[in-house]
Structures are given as structure tokens and as C-alpha cells.
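Here's the structure we're looking at; comments come further down.
The values are calculated or read from the model by the stated rules, or taken from the named source; none is laboratory data. As the structure is a computational prediction, the values presented were derived from the model and not from experiment. No Cβ is skipped: glycine too gets one built from the backbone with ideal geometry, and neighbour counts run over all protein chains shown. All accessible areas refer to the heavy atoms of the entire protein, side chains included, with ligands and DNA or RNA removed. Shrake-Rupley method; radii C 1.70, N 1.55, O 1.52, S 1.80 Å.
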Amino acid sequence: YGLDLETVQKIYDKQKNLPPTVRNAPPVAGNLIWARQLLRRIEDPMKKFQANKNIMTTKESKKIIKTYNKVARALIEYETLWHHAWCKSIEAAKAGLQASLIVRHPKSGRLFVNFDREILQLMRETK
């Protein structure tokens with residue numbers, strides 16, 4: 001289990017800036033799914049590990065627990081940062097919703113659609 005923890009930590013460190021995401025997933029949701037999969041990968045064995053009280057008293061287990069706490073904390077912080085950034089982008093998009101959808105160019109008089117594509121992205125994220 002200790003080796004798997006180190007592997008997950010290396011994967012996180014290597015891929016945190018550009019994680020592999022599921023196909024057709026919006027960026028924020030894809031990053032959150034990636035982080036949760038890594039967290040699930042280390043949580044399930046830890047639950048089994050914690051169930052055996054004899055194992056929990058050894059020196060090696062204390063090192064494993066410390067590594068688990070470090071990796072789990074990093075993954076949860078990663079998820080929290082992405083969530084907060086997404087919430088801020090929602091606030092910014094609200095201004096786009098207040099604007100007129102069709103505007104007339106002041107010089108040419110032509111009509112233009114005034115739509116922020118970021119709103120579409122946010123709608124995909126909320127699904």
C-alpha cells in the first residue's frame with residue numbers, strides 16, 4: 001500500500017498542471033473527477049488498513065499514514081482551488097447575463113449577437 005501511495009503522489013505531482021480528463025468533460029469537472037479518482041484510489045485501501053488495529057501500531061504504518069495524510073490533503077486542496085475558481089467565474093459571467101443579447105454597431109448600424117461563450121462553458125460544467 002505504501003508503494004501505491006507513492007505512485008499516486010508521483011502521478012499527482014506530474015499531472016496536476018494538465019491532468020488527463022475524461023472525454024467531452026468540461027475542464028473544471030474533468031479536473032475534479034481526476035482528483036477524486038486519485039483520492040478514491042488511496043482511500044479504499046486505507047479504510048481496510050485502519051480496520052486492522054495490529055497493523056496501525058508499527059513504525060512503517062505511521063510513515064504510511066503520514067504519507068496518506070499528505071497526499072489526501074494535496075488532492076482535497078487541489079479540488080477546493082478548482083471549485084473556488086469556478087465559483088469566481090460564475091460571478092464574472094453574471095455580468096454577461098445582464099448585457100443586451102443583440103446590439104447595434106454604432107457606425108455601421110449592423111446587428112450583432114452579444115453573447116459570452118464563457119456562459120456556455122459554465123452551463124456545461126453545471127451538468
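Miscellaneous remarks
- Here Lys70 passes the criteria (1) in contact with a helix residue (DSSP H, G or I) (Cβ under 7 Å, 6 or more places away or on another chain); (2) more than 23 Å from Arg124 (Cα to Cα); (3) among the charged types (D, E, K, R) except the one numbered (1).
- Check on Leu39, modelled with pLDDT of 90 or more, closer than 18 Å to Leu3 by Cβ, assigned to a helix (DSSP H, G or I) and under 15 Å from the mean Cα position of the chain (by Cα): yes
- Region 80-103, subset modelled with pLDDT of 85 or more and in contact with a strand residue (DSSP E or B) (Cβ under 8 Å, 6 or more places away or on another chain), residue least open to solvent (accessible area, probe 1.4 Å): Val103
- Of the residues in region 47-57, not one is under 30 Å from Thr7 (Cα atoms), at pLDDT 85 or above and in contact with a helix residue (DSSP H, G or I) (Cβ under 7 Å, 6 or more places away or on another chain).
- Taking every residue in region 65-90 that is in a helix (DSSP H, G or I) and pairing it with any residue that is among the small types (Gly, Ala, Ser) and open to solvent by less than 80 Å² (accessible area, probe 1.4 Å), at least 6 positions away or on another chain, the pairs with Cβ-Cβ distances below 6 Å are Leu75/Ala35; Tyr78/Ala35; Glu79/Ala35.
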